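Reading through the structure tokens given below for one structure.
The values are calculated or read from the model by the stated rules, or taken from the named source; none is laboratory data. Fair warning: this is a prediction, and the values are worked out from it, not measured in the lab. Reconstructed Cβ throughout: ideal geometry from the backbone, glycine too, with neighbour counts over all protein chains shown. Surface accessibility is based on the protein's heavy atoms, side chains included, excluding ligands, DNA and RNA. Shrake-Rupley method; radii C 1.70, N 1.55, O 1.52, S 1.80 Å.
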Amino acid sequence: MLADIIDRRQIKTDAESLAIWGKDWTNGFNVAPSAVVFPETNQQVVDIVHYAIKAGLRLVPSGGRTGLSGGAVAERGEVVVSFDRMNQILDFNAEDRLVTCQAGVITQVLQEFAAAQQLFYPVDFASAGSSQMGGNVATNAGGIKVIRYGLTRDWVAGLRAVTGTGALLDCNNGLVKNATGYDLRHLLIGSEGTLGLITEVDVRLAAQPEPQTVMVVGVPQVLDLLNVLNCFNSQVTLSAFEFFSDLALQKVRAHRDLPAPLADAVAYYALLEFDASAMDAASTAFEQCLNQGWVVDGVVSQSQAQADALWQLREGISESIAPYTPYKNDLSVCIHDVPDFLADVDRFVAESYPDFEVCWYGHIGDGNLHLNILRPEHLSVEEFMAKGHAMSPKIFELVRARGGSISAEHGVGLLKRDFLNYSRSEQEIALMQGLKQLFDPHQILNPGKLLAAGV
Ligand code: MLT
Ligand code: ZN
């Protein structure tokens with residue numbers, strides 16, 4: 001029946017396609033879409049929504065499918081709306097430094113387009129080669145440069161989106177200043193496809209940065225990670241301040257056959273990136289950290305190839321631990337609370353689950369910690385997932401106690417939906433439900449993500 005409104009070549013219903021487009025990188029959810037459609041224009045997205053209202057279909061928007069919270073999983077016969085064929089860069093304006101992309105433009109393609117204009121798209125993460133701009137906006141993607149450049153939200157100067165009534169909204173038009181009331185653009189950013197299907201994004205680009213230098217330092221005590229951060233921050237403008245534990249390093253090294261960055265293993269490592277011209281100031285900061293005993297060793301990139309190799313130690317971790325089907329968490333607390341929070345979690349896991357291995361890494365410079373607990377060999381995936389589910393309230397209680405967030409950058413999706421109250425008040429959730437009702441009165445957009453279906 002969809003073929004009445006869209007060309008048959010833009011619809012897939014074979015089992016293999018349903019299995020591919022019906023999910024993101026998460027495992028453990030039922031995957032059962034009824035069809036996948038590939039619109040090519042805004043009008044086709046509008047037509048699909050109108051059709052869905054009429055036919056009682058529900059729609060799951062799908063980008064690069066790199067999400068880690070089940071936000072793009074079609075569990076119960078929904079139609080997946082893939083933006084793979086809306087992958088064009090539509091316009092560029094040098095005065096405004098503004099590029100208009102369709103939602104399916106791959107992040108790395110935008111980064112390369114920006115570089116070709118001698119400009120820079122600064123939001124970056126390991127999945128930049130597959131993630132799409134629409135998905136980045138829908139989840140307000142963060143990544144590895146947030147401490148210097150902020151989140152996706154900070155670069156979105158306008159967007160087009162189709163609401164659950166089939167209205168095509170055109171928000172903010174690329175303006176720098178616009179004080180005309182509620183900024184619906186920012187409501188749609190991070191709404192995980194529950195309020196509208198994002199079809200186009202106007203992205204502001206930045207000036208190109210200088211060449212960057214990467215330093216990896218060994219930090220024996222978690223508390224000292226913040227001392228190192230403070231010491232460098234007072235003298236050097238950092239583009240990134242990431243961390244990983246020795247267990248995370250062991251996994252990524254084994255997976256990618258990488259050499260150790262330092263002569264001896266250390267409990268934690270910090271990866272710092274800064275303008276190459278700040279090397280003298282960075283050396284001074286490093287010496288100070290060494291004298292204080294906050295760091296015990298360090299290595300600095302001497303070329304782009306070496307910088308890339310050091311980044312692999314951090315960016316390859318997620319993929320390297322995937323075979324352990326880890327219990328994944330994406331938590332944030334205020335930066336000053338990081339060491340105490342990390343100790344709270346370590347204590348809880350050691351006491352309650354002594355046979356579980358905790359693999360820490362993440363964007364510690366902005367307070368975002370990726371907590372991954374690896375599945376021990378003796379537990380099946382199902383048994384381990386059940387244990388993870390039972391563990392969640394305890395871990396989220398520790399997050400709540402410090403006023404943190406149960407999802408810093410991956411989004412709520414299906415995975416965290418039932419735990420939203422650990423980070424949002426009853427009043428906030430009620431307002432969110434009210435907004436959902438306004439934007440999507442027929443409850444057809446990404447049902448069950450972020451908020452329980454039908455609410
Ligand atoms: C990362 O920072 O590596 C990504 O958010 C992916 C992950 O957390 O595994
Ligand atoms: Zn991350």
**Message:** Every residue in region 301-322 that is more than 16 Å from ligand 2 (Cβ to nearest atom) and outside any helix (DSSP H, G or I), please.
**Reply:** SER301, GLN302, SER303
**Request:** For region 195-254, please list each of the strands (runs of 3 or more DSSP E) lying entirely inside it that holds at least 3 residues being in contact with a helix residue (DSSP H, G or I) (Cβ under 8 Å, 6 or more places away or on another chain), open to solvent by 10 Å² or more (accessible area, probe 1.4 Å) and modelled with pLDDT of 95 or more.
**Result:** 196-204
**Asked** Of the residues in region 49-81, how many are within 30 Å of VAL176 (Cα to Cα) and part of a strand (DSSP E or B)?
**Response** 2
**Request:** Determine if region 323-342 includes at least one residue that is more than 16 Å from ligand 1 (Cβ to nearest atom), free of Cβ contacts under 8 Å to residues at least 60 places away in the same chain, surrounded by 14 or more Cβ atoms within 10 Å (Cβ to Cβ) and assigned to a helix (DSSP H, G or I).
**Result:** no
**Message:** For GLU95, only one of the following conditions fails: (1) touching a residue at least 12 places away in the same chain (Cβ under 8 Å); (2) more than 21 Å from LYS436 (Cα to Cα). What is its number?
**Reply:** (1)
**Fill in**
In region 407-442, residues that are within 16 Å of ligand 1 (Cβ to nearest atom) and without any contact (Cβ under 8 Å) to a residue 40 or more places away in the chain total 0
**Message:** One residue is enough: does region 135-148 have a residue meeting the conditions surrounded by 23 or more Cβ atoms within 10 Å (Cβ to Cβ), aliphatic (A, V, I, L, M) and not in a helix (DSSP H, G or I)?
**Reply:** yes
**Asked** Of the numbered conditions (1) open to solvent by 10 Å² or more (accessible area, probe 1.4 Å); (2) within 16 Å of ligand 1 (Cβ to nearest atom), LEU374 satisfies every one except a single condition; which is it?
**Response** (1)
**Asked** When you scan region 343-363, how many residues do you find that are farther than 21 Å from SER69 by Cβ and within 16 Å of ligand 1 (Cβ to nearest atom)?
**Response** 1
**Message:** Of everything in region 290-319, what is near ligand 1 (Cβ under 10 Å from one of its atoms), under 21 Å from GLY218 (Cα atoms) and not aliphatic (A, V, I, L, M)? Give them in sequence order.
**Reply:** ARG314, GLU315, GLY316, SER318
**Message:** Every residue in region 344-371 that is in contact (Cβ under 8 Å) with a residue 60 or more places away in the chain and either in a helix (DSSP H, G or I) or open to solvent by 20 Å² or more (accessible area, probe 1.4 Å) (or both), please.
**Reply:** GLU357, VAL358, ILE364, GLY365, ASP366
**Asked** Out of curiosity, is ALA285 away from ligand 2 (no atom under 16 Å from the Cβ) and in a helix (DSSP H, G or I)?
**Response** yes
**Message:** Within region 122-130, does at least one residue satisfy the condition of being closer than 26 Å to TRP25 by Cβ, more than 16 Å from ligand 2 (Cβ to nearest atom) and of a type outside the set (Asp, Glu)?
**Reply:** no
**Item:** Breaking point among (1) buried (at least 18 other Cβ atoms within 10 Å of the Cβ); (2) β-branched (Val, Ile, Thr); (3) touching a residue at least 60 places away in the same chain (Cβ under 8 Å), for VAL381
**Value:** (1)
